[in-house]
Amino acid sequence: MKIEDIVLYICRKYPLPNELSKARLTKLVYLADWQSCLRSGKQLTNIEWYFNNFGPYVDDVVDIARDSSHLTISATNNFYGERKELIAAKEGALLPSIEKAQAEILDFVIEETKKMYWNDFIKYVYATPPVSGSTRYTILNLVNFAKESRRAKC
């Protein structure tokens, strides 16, 4: 599945577009990949997730948004007056065609996180086994963590 389609889908369906900063959107894509691994044993994307200072983060999502003719990045300020960049669907950008199972994963991630303020959202991300079971500055192998999670439930 194309990262651009996932980002566009989230941007079109997320009920609080002013919350879709680069960091939050990237972590939503991470959560979608994680949820997909739990359900199907594979990621939605081909992203190699990296655990940096700020949790799972890669430049792939933002790079795709910068290069997309369907997405826009705009600068604004957060609640504390600090600069943040929001990613949004351009006016007229249509919802991408996505398989039902993939849409269910994205809808689940949106539903689970849409009411979370930033701190709760970050706690939720950090509680996922790939993050809680890894050390900073390592690659997160979501597929292996999903296998371990399924084994632990048996």
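Give me the strands (runs of 3 or more DSSP E) completely within segment 1-108, filtered to those with at least 3 residues that are β-branched (Val, Ile, Thr) and in contact with a strand residue (DSSP E or B) (Cβ under 9 Å, 6 or more places away or on another chain), ordered by residue number. Steps first, answer last, please.
Numbers: elements: 50-52, 71-77, 83-89.
Result: 71-77.
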### Summary
Listed by first then second residue, the pairs whose first member lies in segment 107-124 and is surrounded by 14 or more Cβ atoms within 10 Å (Cβ to Cβ), whose partner is small (Gly, Ala, Ser) and modelled with pLDDT of 95 or more, with beta carbons under 7 Å and at least 6 positions apart or on separate chains, are Val109/Ala32
### Task
Could you run through segment 125-154 and say how many residues are open to solvent by less than 50 Å² (accessible area, probe 1.4 Å), over 10 Å from Gly55 (Cβ atoms) and among the hydrophobic types (A, V, I, L, M, F, W, C)?
4
### Query
Applying the selection to segment 56-67, what residues are more than 13 Å from Leu25 (Cα to Cα) and under 17 Å from the mean Cα position of the chain (by Cα)?
Arg66
### Query
All but one of (1) free of Cβ contacts under 8 Å to residues at least 40 places away in the same chain; (2) open to solvent by 60 Å² or more (accessible area, probe 1.4 Å) hold for Ser40; which doesn't?
(1)
### Query
Just for segment 69-106: of the residues that are exposed (fewer than 13 other Cβ atoms within 10 Å of the Cβ) and hydrophobic (A, V, I, L, M, F, W, C), which one is modelled with the highest pLDDT?
Ala101
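The values are calculated or read from the model by the stated rules, or taken from the named source; none is laboratory data. Bear in mind the structure is a predicted one, so any value in this text is a computation, not a measurement. Note that we place each Cβ from the backbone using ideal geometry, even for glycine, and neighbour counts take in every protein chain shown. SASA here: full protein model, heavy atoms, side chains in, ligands and nucleic acids out. Shrake-Rupley method; radii C 1.70, N 1.55, O 1.52, S 1.80 Å.
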